[in-house]
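The values are calculated or read from the model by the stated rules, or taken from the named source; none is laboratory data. Bear in mind that the values here come from a model prediction, so they are computed numbers and not experimental data. Virtual Cβ from ideal backbone geometry, glycine too; neighbours counted across all protein chains shown.
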Amino acid sequence: MNETIATGLRLPGGLVALPDGRIALVETDPSRRYLKLFDTSGACEELCRIGGSPTGIAIDGDGCFWVAGGPENSLIKLSPQGRIRQVIEGSADGPFLHPNALAFGPDGLLYMTDSGIRLTDLLERGHIHPDFFKAAYNGCVYQIDPSEGRVIRVLAAGLLLASGIAFGPDGLLYYSETLTGKIHRQIVGGRQEMFAQSMRSPAVNVLRGPSGLAFDRSGTLYCAMSGLGEICLIDTEGMMSGHIRTNGTRPSGIAFTVDGKHLLVSEQEKGVIEKITAPRLGLPLHMPSIS
């Protein structure tokens, strides 16, 4: 069994390890929608109530939090104390539909996936619509200038529920497409290519598939498989190289601790954060100073 370091969470989403060892996490359940901080003992501080439907989180070098899925499907920047500093609502092509996950790149820019469908179109009476696979998705990947608060360009579009995003040690951008199980990669601004296939068949009847992404220093990709109860490991050639079971069936966000020795997983079925000894040291995140 993996170690449980926080319980009682309502649909925990993205999480990130802070430089001081604490963990920042967002809850997506309508009754919560908080940004929470956990110390190494599991003690919790509710930093602020975000509103919207927060899903992804990143931290910059100034200690500010960036949250995907703020009010009105926005991307928001919060001060270290939880005060709103900036709101980005969309690109020149229109508003965001449902911002999902975030990652800063080696170039100091911010990258974000958008699921490509509004939650109101995906849910029916609080549950996933039975015809979810037939919905009109337009999942996107955005490149964002965090200092100016604007979308620079759309790097990918037409994805069937775009979810996790991460940069590998090779400097390439990787992102997951939940319904198809595909993991895509690209040189920023270059052509998108399929890197790996994480499922044998598309998620047609039950919503499941790849969610959060993280890399270790060897270039192995760790992918949280929501609905399948595991973290799949993908080597640098795009081949499955292992699996790590989670205690619950719905792992969502995934991140390494600051020292790289453990994996942190937000698990939605049981509402917990799981801590797993990592096979190899995690790759440090890019945390550029913006101000």
Q | Whichever residue in the range 160-180 is at pLDDT below 95 and more than 15 Å from the chain's Cα centre (by Cα) and, among such residues, is farthest from Leu97 (Cα to Cα) | A | Thr180
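Residue by residue, here is whether (1) at pLDDT 95 or above; (2) assigned to a strand (DSSP E or B); (3) under 23 Å from Gly108 (Cβ atoms) holds:
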| site | (1), (2), (3) |
| --- | --- |
| Ala24 | yes, yes, yes |
| Asp29 | no, no, no |
| Arg32 | no, no, no |
| Lys36 | yes, yes, no |
| Cys48 | no, yes, no |
| Gly51 | no, no, no |
| Trp66 | yes, yes, yes |
Q: Check Ala92 against each of (1) surrounded by fewer than 18 Cβ atoms within 10 Å (Cβ to Cβ); (2) at pLDDT below 95; (3) within 17 Å of Leu15 (Cα to Cα); (4) among the small types (Gly, Ala, Ser) and name the one condition it does not meet.
A: (3)
Q. On the given criteria, is Leu102 under 26 Å from Ala136 (Cα atoms) and either in contact with a Gly (Cβ under 8 Å, 6 or more places away or on another chain) or of a type in the set (D, E, K, R) (or both)?
A. yes
Q) In the range 251-274, which residue that is part of a loop (DSSP other than H, G, I, E, B) and among the charged types (D, E, K, R) is farthest from Leu207 (Cα to Cα)? A) Asp259
Q | Selection count, the range 1-22, where residues are over 17 Å from Ser79 (Cβ atoms) and assigned to a strand (DSSP E or B) | A | 9
(Q) Where the second residue is in a strand (DSSP E or B) and among the aliphatic types (A, V, I, L, M) and the first is farther than 19 Å from Ala196 by Cα and without any contact (Cβ under 8 Å) to a residue 24 or more places away in the chain and lies in the range 238-267, which pairs have Cβ atoms under 7 Å and are six or more apart or on separate chains? (A) His262/Ile276
Q: Look at Gly248 and say whether it is more than 14 Å from the chain's Cα centre (by Cα), closer than 21 Å to Gly168 by Cα, part of a loop (DSSP other than H, G, I, E, B) and not polar (S, T, N, Q).
A: no
Q: Scan the range 49-64 residue by residue and report those that are within 10 Å of Val26 (Cα to Cα) and buried (at least 18 other Cβ atoms within 10 Å of the Cβ).
A: Ile50, Ser53, Pro54, Thr55, Gly56, Ile57
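For every residue, the table says whether it meets (1) out of contact with any Ser or Thr (no Cβ under 9 Å at 6 or more places or on another chain); (2) over 20 Å from Val151 (Cα atoms).
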| residue | (1), (2) |
| --- | --- |
| Arg33 | no, yes |
| Leu78 | yes, no |
| Arg83 | yes, yes |
| Asp93 | yes, no |
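Residues checked against (1) aliphatic (A, V, I, L, M); (2) under 24 Å from Thr28 (Cα atoms):
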position: Gly229; (1), (2): no, yes
position: Asp235; (1), (2): no, no
position: Thr249; (1), (2): no, yes
position: Ala255; (1), (2): yes, yes
position: Pro279; (1), (2): no, no
position: His286; (1), (2): no, no
Q: Just name the residue that is surrounded by the fewest Cβ atoms within 10 Å (Cβ to Cβ) out of those in the range 220-237 that are among the charged types (D, E, K, R) and either assigned to a loop (DSSP other than H, G, I, E, B) or touching a residue at least 40 places away in the same chain (Cβ under 8 Å) (or both).
A: Glu237
Q. Could you say whether any residue in the range 67-79 is surrounded by fewer than 21 Cβ atoms within 10 Å (Cβ to Cβ), out of contact with any Gly (no Cβ under 6 Å at 6 or more places or on another chain), among the acidic types (Asp, Glu) and under 26 Å from Tyr175 (Cβ atoms)?
A. yes
